[in-house]
Amino acid sequence: VACKRDIGFTPGLTAYRVLLQGIVAPNAPEPHVSTVSRDDVLEMAQRWLDAGHRVAIGTVVKTWGSAPRPAGSQIAVRDDGAFVGSVSGGCVEGAVIEAAQAAMREGSHRALAFGVSDEQAWSVGLACGGRIEIFVEPVTE
């Protein structure tokens, strides 16, 4: 199922390559970890900030129907592409990582919305479609 976002964002190839290769950045010293607590995500973000990196946080703010992560789930993204945590998976996660990098560059937040129709969901073996909203913001302290 292709990712669809209501406000016209089309994820670029970089995020897909990162996800498909199972790495976070070519020379990133820390691996992606998707099964961590919210506190761990925020703790890692703080460590990255303390080390001089720019960081953005993505947070699931609302879900409808089928969604892989509940509201409150978070991902921290570092300026070199390393990330920890998870807000969804698949192409949604890649799009959020790219939006986080743009948010860091531009110093502005993003409100993202992704959805899968019931028809699309059935075609790939899911019981129902769903929708997820994710807020992405650069962190300064």
TODO: State the extension gain, in nm to one decimal, for the chain segment bounded by GLU43 and ARG105, taking 0.36 nm per residue of separation less the distance between their alpha-carbons.
DONE: 20.1 nm
Task: Per-residue ³J(HN,Hα) for the range 107-118, Karplus 6.51 cos²θ - 1.76 cosθ + 1.60, θ = phi - 60°, Hz, x for Gly and Pro - done: x, 10, 8, 9, 10, 10, 9, 10, x, 10, 6, 4
- [ ] Calculate one ³J(HN,Hα) per residue across the range 133-141 by plugging θ = phi - 60° into the Karplus curve 6.51 cos²θ - 1.76 cosθ + 1.60, and present them in order as whole Hz with x for glycine and proline.
- [x] 10, 10, 9, 10, 9, x, 10, 10, 8
Open item on the list: Could you work out the relative contact order of the range 65-141? I mean the mean sequence separation of Cα pairs under 8 Å and 6+ apart, divided by the number of residues, in percent.
Closed with: 30 percent
TODO: Note the per residue figure in Å³ for the convex hull of the C-alpha positions in the range 57-129.
DONE: 84 Å³
TODO: Subtracting the Cα-Cα distance from 0.36 nm times the residue separation, let me have the gained length for PHE135 to ASP50 in nm, one decimal.
DONE: 28.3 nm
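Only the coordinates and a few stated rules stand behind these numbers; no lab work does. All values derive from a computational prediction rather than experimental measurement.
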